[in-house]
Every structure is written in C-alpha cells, then in structure tokens.
Amino acid sequence: MDGMSEREYSAHSGLSRGAIQKARKAGRLVVYGDGSINAAASDVRRGEMTDPDQQRRSTGDTGFSGPADSSSYLKARTALTVYQAQDKQLGIQKKKGTLVDRARAETLVFRLAREERDTWVTWPSRVAALMAAEVAAEVEKQSGNPVRPVRPERPVIIEAAILQRVLETHVRAQLAALADLRVSLG
C-alpha cells in the first residue's frame with residue numbers, strides 16, 4: 001500500500017471518516033490504484049475544491065481571527081441573508097402604507113408649514129374689521145350710546161379686557177380651523 005487508509009487520512013486531515021468518504025466520492029481525493037489515498041496530493045486538491053470556511057467548520061474552527069476571515073464566504077452569505085430579509089420587510093411596510101418616501105414627506109411638511117405661515121400672516125387683515133365691529137358693539141352695549149364713526153362727543157376708551165376677550169375669541173376660532181387640517185402621505 002503506497003498511501004493512507006481512510007482512517008489514517010481522517011486522522012491526518014482532522015476530518016471525520018464520513019467526510020473522507022464523501023470527498024472520495026466527489027473526487028476531491030487523489031487515490032492510488034490499490035485504493036489508498038495520496039495524502040499530499042489529496043490535501044492540495046481538497047484545498048482547491050473546498051470552500052475555506054467549510055474546511056474550518058469541518059475542523060471545528062468557527063473563530064474569525066485574521067483579515068482574510070473578514071471577507072469570508074460565511075460572513076458574506078449571512079450579510080446577504082440579513083439584507084434580503086430587511087429588504088422584504090421594507091417592501092411589506094411600503095405595501096401596508098406604514099413606510100413613506102422621505103423626500104415626499106419632507107415636501108409635504110414644508111408645504112404645510114408654508115400654508116400655516118401664510119394663514120397666520122394674513123389673519124389680522126381678515127379679522128380686523130370683525131374685531132373693530134365687535135369692540136364697537138361692546139362699547140355701545142356698556143355705554144348705552146351708539147359709537148359714532150364721525151367725531152364722538154366724548155372719547156371712547158376701549159378696555160384691555162374687552163379687546164383681549166374679542167382677540168381670544170378670534171384666535172380660538174382660527175386655531176379650531178387649523179385643527180381640522182389633515183396631512184395625507186398616501
């Protein structure tokens with residue numbers, strides 16, 4: 001016998017006898033004519049045909065120690081599986097409507113903020129006449145005299161509390177109108 005038996009090669013390579021038999025059937029071992037295994041040639045052929053991570057796993061070495069290990073097949077495959085799972089999860093969230101396009105959402109929020117600002121900027125001019133009429137009516141009610149637009153006989157003094165009450169009424173009405181605004185990202 002020129003080479004090693006399966007048991008001897010198993011001890012030599014650190015693989016189980018079943019793994020040696022599978023390697024022999026797959027053609028990863030160099031076998032002499034008498035059936036014995038050429039250890040040196042088989043080591044080279046197995047090294048060329050077997051994934052390095054698979055070789056390490058078969059010997060029980062699962063640690064990653066060097067720079068070559070960082071780009072290993074196992075890590076790359078794990079990263080790909082994680083990426084695919086995350087991609088599927090994002091697709092499901094998009095279909096359900098729980099995930100929205102960030103650029104579109106930012107555009108909508110910007111437009112909403114601009115509309116809010118424009119609404120508040122134009123608000124005083126819209127309510128000034130109403131407020132003046134309500135203040136005049138309140139003064140008339142308290143004094144019993146109608147307010148004359150042309151030179152009243154006595155000056156009208158508007159109390160701060162009256163103006164505050166009128167202003168609060170209009171501000172609350174404005175805020176109630178703004179509360180009805182709904183944003184739709186779908």
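Here are some notes:
- Summed side-chain charge close to Val30 - residues other than Val30 whose Cβ falls under 15 Å, Lys, Arg +1, Asp, Glu -1: -1
- For a paramagnetic label modelled on Asp2 (point 7 Å from Cα along Cα→Cβ), amide N atoms under 16 Å away belong, within region 8-44, to 29-43.
- For region 6-17, 3J(HN,Hα) per residue [Karplus equation, 6.51 cos²θ - 1.76 cosθ + 1.60, θ = phi - 60°, Hz, x = Gly/Pro]: 4, 5, 5, 5, 4, 5, 5, 8, x, 9, 6, 5
- Sequence-ordered 3J(HN,Hα) estimates for region 78-95 from the Karplus curve with 6.51, -1.76 and 1.60 and θ = phi - 60° stand at 5, 4, 5, 4, 5, 4, 5, 5, 5, 4, 5, 5, 5, x, 5, 5, 5, 5 Hz, glycine and proline given as x.
- More than 17 Å apart - percent of Cα-Cα pairs taken over region 1-50: 18 percent
- Long-range HN-HN contacts of Val31 with modeled amide H, under 5 Å: Asn38
- Residue order, fewest to most beta carbons within 10 Å, for Met131, Met4: Met131, Met4
Read-outs throughout are calculated quantities, based only on the coordinates presented, and are distinct from any laboratory measurement. Please read these numbers as outputs of a predicted model, since none were measured by experiment. We place every Cβ from the backbone using ideal geometry, glycine too, and count neighbours over all the protein chains shown.
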